[in-house]
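Inspection log for the structure reproduced underneath, given as structure tokens.
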């Protein structure tokens, strides 16, 4: 990876570079650790300030661009650490007042422009017109997420903010690229039968027959909620299967993005089936680049 601070390349001073993107976060963040020895005349002197731009590239591709938000100096380690966030993070730093009327895409574009951001490809969602009343106390990012029922990912790319749906793409990962793996599978929160009641009467019921055979009966009763279009929809939404989570470390830089579906080319150490990518982290240290993926089943 190659790194610039404004227009000055600082790659030679970097000891570690980490670029991290979470599906539930407004923007990506980067942590750049630099050698900094003010008394050594052989090293360039750096005096970075909050607000300067940091750019990270690999093989000509721009992996990250954002502003410095925190500068830390460790005299014992002679290390200077820059914590940076890309411009999409401004969605989480600005509150919106409302009211707003329009489709999810139309309102999202308005909120981007409110934060001084250029909207790019914005997912239409269900395309239905919605009306948001006063949203004081809620930041723009939380408002965007609510427009899409939390099922979207916000990404900053090529100077624009893009919004795309969770699970919109699929990829198969090669187990031969794995250099690290941890997995956790748990059935503790599993629910395989949900009954919804209204006015003391059973309004709907849904049973996960496969989960019933696998784990035995795990039932839950609920009152009818207006958050769902129907009682049957509420019953289906309440069913929860075995939760599977994993962290995968692969050699090189994987093109996998937050929000897409992935599966391994073969089951391995408790990792099987399809997962949603919730976090992508690129590490570069001592010339070695790795990709760490946080994944979970839905």
query: Listing 103, 143 from the residue with the fewest other Cβ atoms within 10 Å to the one with the most, what is the order?
result: 103, 143
- prompt: Across the stretch 48-184, how large is the tail of the calculated P(r) beyond 28 Å, expressed as a percent of all Cα pairs?
  reply: 36
- request: Find how many whole Å separate the alpha carbon centroid of the stretch 145-185 from the alpha carbon centroid of the stretch 40-92.
  value: 25
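From the C-alpha gyration tensor of the stretch 217-290, pull out the three semi-axes of the equivalent ellipsoid (sqrt of 5λ each), sorted largest to smallest, in whole Å.
Largest first, the stretch 217-290 gives 37, 15, 10 Å.
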Inter-site label distance for residue 185 and residue 266 at 7 Å from Cα along Cβ, in nm: 1.7
- prompt: Looking at the stretch 90-165 from every direction and averaging, what is the projected area of its Cα convex hull in nm²?
  reply: 4.2
- line: For the stretch 193-238, the Cα-Cα pair-distance distribution in 10 Å bins from 0, as whole percents, is 31, 50, 18, 1
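Remind me, what semi-axes does the stretch 2-85 give for its equivalent ellipsoid, largest first in whole Å, using sqrt of 5 times each Cα gyration tensor eigenvalue?
Numbers: eigenvalues 100, 40, 24 Å².
They are 22, 14, 11 Å, listed largest first.
Each value in this text was obtained by applying a stated rule to the coordinates, not by laboratory testing. Please read these numbers as outputs of a predicted model, since none were measured by experiment. Counting neighbours? That spans all protein chains shown, and the Cβs are built from the backbone with ideal geometry, glycine included.
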